[in-house]
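Peer 1: The structure under discussion is supplied below as C-alpha cells; questions concerning it will follow.
Every number in this text was worked out from the coordinates using simple rules, so none of it is lab data. This structure is a prediction, so every number in the text was calculated from the model and none was measured. Heads up, the Cβs are rebuilt from the backbone with ideal geometry, glycines too, and the neighbour counts pull from every protein chain shown.
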C-alpha cells in the first residue's frame, strides 16, 4: 500500500512540475514580448497571464462539453479551470528550481509489495 501511495505522490508531484514548467514557458514568452511590464517578476501579472490561458482552456472545455454532453455542471468546471490556472500562475516563480522529483523507489528496485497481495 505504501508503495502505491508513494508512486501516486510522485506522479502528482511530476504532473505539478510539468504544469508549472509549461506555464513558465508561457510567462517567459509574455515577459519577453512585453518587457516593460516585467511580468515574470510580479506574481499578480503571472497569475493574469495564466488566467487568460485558463480562460481559453475553460472556454474550449465548456464548448466541447456542451456539444457532446449538454451537462449543466460545466459552468462549475469552467470556474475551477480558471481558478486553478490563476493559482498555477501565482505559484510559477521563475527563480525557483522546478525539477521533476526522483522516483520514490530509486535504483529501479520497485515497491516492496508482498507477492501474496
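Peer 1: If packing is taken as the average count of other Cβ atoms within 10 Å, what order do 14-21, 32-39 fall into, highest mean first? Before the final figure, lay out the partial values.
Peer 2: On the way: 14-21: 14.5, 32-39: 11.6.
Taking the mean over residues of other Cβ atoms within 10 Å, the ranking is 14-21, 32-39.
Peer 1: Also, quick follow-up: Please list, by residue number, everything in the range 60-89 whose backbone N is under 20 Å from a paramagnetic label point 7 Å out along Cα→Cβ of residue 37.
Peer 2: 82-89
Peer 1: Going by a ≥ b ≥ c, the root eigenvalues of the Cα gyration tensor, does the range 19-65 fall in the rounded group (a/c under 1.5), the prolate group (a/b larger than b/c) or the oblate group? Please list the in-between numbers first.
Peer 2: Numbers: a/c = 2.62, a/b = 2.30, b/c = 1.14.
Verdict is prolate for the range 19-65.
Peer 1: Do the sum for the chain: with -39,500 (n - 2.57) for every DSSP H run of n ≥ 4, divided by all residues, what is the mean residue ellipticity at 222 nm, to the nearest 500 deg cm²/dmol? Mind dumping the intermediate values first?
Peer 2: Numbers: 3 runs with 76 residues, N = 117.
Only helices count here, giving -23000 deg cm²/dmol.
Peer 1: A follow-up question, please. Hey, how many Å between the Cα centroid of the range 64-93 and the Cα centroid of the range 21-62?
Peer 2: Between the Cα centres of the range 64-93 and the range 21-62 lies a distance of 16 Å.
Peer 1: For residue 29 and residue 56, compute 0.36 nm times the residue count separating them, minus their Cα-Cα distance, and round to one decimal in nm.
Peer 2: Numbers: separation 27, 0.36 × 27 = 9.72 nm, distance 1.70 nm.
Answer, rounded to one decimal: 8.0 nm.
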